[in-house]
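S.K.: Have a look at this one.
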Amino acid sequence: MDLDVFRDPALARRLIDRITATATRPMTLMEVCGTHTVAIAKNGLRDVLPDSVRLLSGPGCPVCVTSNADIDTAIEFARQPGVTVATFGDMMKVPGSRSSLSREKADGHDVRVIYSPLDALALAEREPERHIVFIGVGFETTAPLIAAAIKRAHAAGLGNFSVFSAHKTVPAALGALVNDPEVAVEGLILPGHVSAIIGLAPYRFLAEEYRVPSVITGFEPVDVLQGVWMLVSQLAEGRAAVEIGYTRSVPEEGNPTARAMIEEVFEPADAEWRGIGVIPSTGLAIREEYATFDALLRVPVSPEPPVEIAGCQCGEVLRGVVLPYECRLFGTACVPEHPVGPCMVSSEGSCAAYYRYTDYGTA
Amino acid sequence: MCLAIPAQVKSVGELNMAEVDIMGVTRHVSLDLVPDAVVGDHVLVHAGFAIQVVDEQFARETMELIEQIEFIDSAEG
Ligand code: SF4
């Protein structure tokens, strides 16, 4: 399919003109998703929007919102004899309280970067003498495929594979955010690919209870501008609704097969979000039926109590309370090559996106 | 991390695995989450799994909608 049209400068210009004409008062919007943060920074969209529209970045980088306690746990798995940790690359350099997975690897522990949970299954099949612990980090976009991998492992009778489930679910966290008096957000650019799974219904409360306009948005420049236009239109008209701009990939019902997969393997659990705290029922614990694939039960570990990273304001950045370049360490002590906090490590972290793609990095 | 890339299904093999074309590169992905996808469909691929079928009709409608915005504008002005 030809996606070039979603990058068409002429269409983008039309939308920008329309946004400028509609946003006649200051309007603060938040892009929730890290992939949006990158798309917006990379395409310089903040610079082409009128001054009246302010875009804040939110908590939608799964690696960034992972708590130090969870990162410490992942690191502890890597230190166990006979255990191989398999992880998405983004997790490698994230600093926990005292170390990181990449430092553990340099110290001789077996940590492997994989692209898909299917690779972790293949690893388990190839190396039956090792126990493979897959570090499950991600939102509803990623959780169903980890669930599918667990089901595949179950069907194949794979005994040396388990998952550390540090997954998180998005909608309730948005409720906590818009309810936070420190966070002044009037409209939400909702994550496109989380929504491709969960659909529209789980967000309805944002408009109904909190009166915050919310639009599910795609990732090409024209998609993002369309999302912004839909949001400023709602604000100008005094409406609050949850709408889908990214209709080609997000049917209203999402992906029921994927949701059933999550339901079957996981159950809701409380989860700690960096910067936000514990939010009830936003984690996914492995159900008892699949307990043999739960790394926490298979390879018991007890990491030391977590400590926060001195000077890092990642937690405030994730709530849109502090902009990345307002952190004193931004661009000096903290740069992508030697990051201090997770928001600078992950390719989708707000600090990394601002540093790489805007001139704040050099200013 | 929620990045998903559009791909086209080329063939469907055993164990729900499909061959897809991602901008000229062939990859093997699981169709566990989109059991209704058929050869020729465009799908979104995330970490080795197709997670959604992309609807071309809706893609076209979005474009028409955006084009109409300007049409209304020039009609007004
Ligand atoms: S710039 Fe670095 S230290 Fe500052 S908030 Fe971002 S990640 Fe943390």
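S.K.: Using alpha carbons only, how many degrees (0 to 90, rounded to 10) separate the axis of helix B:56-76 from the longest principal axis of chain B?
M.R.: 10
S.K.: OK, next. Note the full-extension length gain between A:ALA260 and A:GLN80 as 0.36 nm times their separation in residues minus their Cα-Cα distance, in nm to one decimal.
M.R.: 61.5 nm
S.K.: Taking 8 Å as the Cα distance limit and 6 or more residues as the minimum spacing, I'd like the relative contact order of chain A as a percentage.
M.R.: Relative contact order here is 22 percent.
S.K.: Hey, another quick one. By how many degrees, between 0 and 90 and to the nearest 10, does the Cα long axis of helix A:221-237 differ from the longest principal axis of chain A?
M.R.: So the helix axis and the longest Cα principal axis differ by about 60 degrees.
S.K.: Sticking with this one: Determine the sum of side-chain charges near A:ARG98: Lys and Arg each +1, Asp and Glu each -1, restricted to other residues whose C-beta is under 11 angstrom from that of A:ARG98.
M.R.: Residues near A:ARG98 contribute -3 overall.
S.K.: Please give the calculated 222 nm ellipticity per residue for the protein assembly as shown, where each DSSP H segment of at least 4 residues contributes -39500 (n - 2.57) and the sum is spread over every residue; nearest 500 deg cm²/dmol?
M.R.: -10500 deg cm²/dmol
S.K.: Follow-up. Pairs A:LYS105/B:LYS10; A:LYS42/A:LYS168; A:LYS42/A:LYS151; A:LYS93/A:LYS168: which are spaced more than 28 Å apart, C-alpha to C-alpha?
M.R.: Cα-Cα > 28 Å for A:LYS105/B:LYS10; A:LYS42/A:LYS151; rest within.
S.K.: Please express the Cα-Cα pair-distance distribution P(r) of the range B:5-75 as a list of whole percents, one per 10 Å bin, running from 0 to the bin with the greatest distance.
M.R.: So the P(r) values, bin by bin, are 21, 41, 18, 13, 6, 1.
S.K.: Continuing with this model, one more query. Principal axis extents for the range A:173-219, Cα atoms only, whole Å, descending order, please.
M.R.: Between the extreme Cα coordinates on each principal axis of the range A:173-219 lie 30, 21, 16 Å.
S.K.: On to the next question. In what sequence do A:TYR246, A:TYR210 fall when counting other Cβ within 10 Å, fewest first?
M.R.: So the residues, fewest neighbours to most, are A:TYR210, A:TYR246.
S.K.: Moving on. Can you put B:ILE66, A:ILE135, B:ILE5 in order, fewest other beta carbons within 10 Å first?
M.R.: In order of increasing Cβ crowding within 10 Å: B:ILE5, B:ILE66, A:ILE135.
S.K.: Dividing the Cα radius of gyration by the Kirkwood radius, what Rg/Rh value follows for the range A:268-340?
M.R.: Taking Rg over the Kirkwood Rh, I get 1.11.
S.K.: How many nm separate the modelled label positions at A:ARG112 and A:GLU252, each set 7 Å beyond the Cα in the direction of the Cβ?
M.R.: Rounded to a tenth, the inter-label distance reads 4.5 nm.
S.K.: I've got another one for you. Order of A:PHE205, A:PHE219, A:PHE77 from fewest to most other C-beta atoms within 10 Å?
M.R.: By the 10 Å Cβ count, ascending: A:PHE205, A:PHE219, A:PHE77.
S.K.: Which residue, chosen from A:CYS312, A:LEU200, A:VAL215, occupies the Cα position most advanced towards the positive end of the dipole of the range A:194-312, where the dipole is computed from +1 (Lys, Arg) and -1 (Asp, Glu) charges on Cβ about the Cα centre?
M.R.: After comparing all options, I get A:VAL215.
S.K.: If you count the DSSP beta bridges with both ends in chain A, what percent of them are antiparallel, to the nearest 5?
M.R.: 25
S.K.: Running a GNM on chain A with Cα contacts under 10 Å, which residue among A:GLY277, A:GLY157, A:GLY331 ends up with the highest mean-square fluctuation?
M.R.: Most flexible of the set in this elastic network: A:GLY157.
S.K.: I need to check one value: relative contact order of the range A:281-348, counting alpha carbon pairs closer than 8 Å and at least 6 residues apart, in percent.
M.R.: The value is 20 percent.
S.K.: Per residue, what volume in Å³ does the Cα convex hull of the range A:1-94 take up?
M.R.: Residue-normalised Cα hull volume stands at 124 Å³.
S.K.: Take the alpha carbon gyration tensor of the range A:211-363, find the square roots of its eigenvalues, order them as a ≥ b ≥ c, and report rounded if a/c is under 1.5; if not, report prolate when a/b exceeds b/c, else oblate.
M.R.: oblate
S.K.: What angle do you read, to the nearest 10 degrees and between 0 and 90, between the alpha-carbon axis of helix A:256-265 and the longest principal axis of chain A?
M.R.: In chain A, helix A:256-265 runs at an angle near 40 degrees to the longest axis.
S.K.: Would you compute, for the Cα atoms of the range A:100-232, the largest minus smallest coordinate along each principal axis and list the three values in descending order, in whole Å?
M.R.: That works out to 57, 35, 29 Å along the principal axes.
S.K.: Related question: Work out the length of the dipole vector of the protein assembly as shown about its Cα centre, built from +1 on the beta-carbon of each Lys and Arg and -1 on the beta-carbon of each Asp and Glu, and round it to the nearest 20 debye.
M.R.: 900
S.K.: For the range A:179-223 and the range A:71-105, what is the separation of their C-alpha centers, rounded to whole Å?
M.R.: Result: 33 Å between the Cα centres.
S.K.: I'd like to know how chain A sits against the 2.2 N^0.38 Å rule of thumb: what's its Cα Rg over that expected value?
M.R.: My calculation over the Cα atoms of chain A gives 0.99.
We did not get these values from a lab; they are worked out from the coordinates using the rules stated. Predicted, not measured: the structure shown is a model, and the values here were computed from it. When we count neighbours, we look across all protein chains shown, and the Cβ atoms used for this are built from the backbone with ideal geometry, even at glycine.
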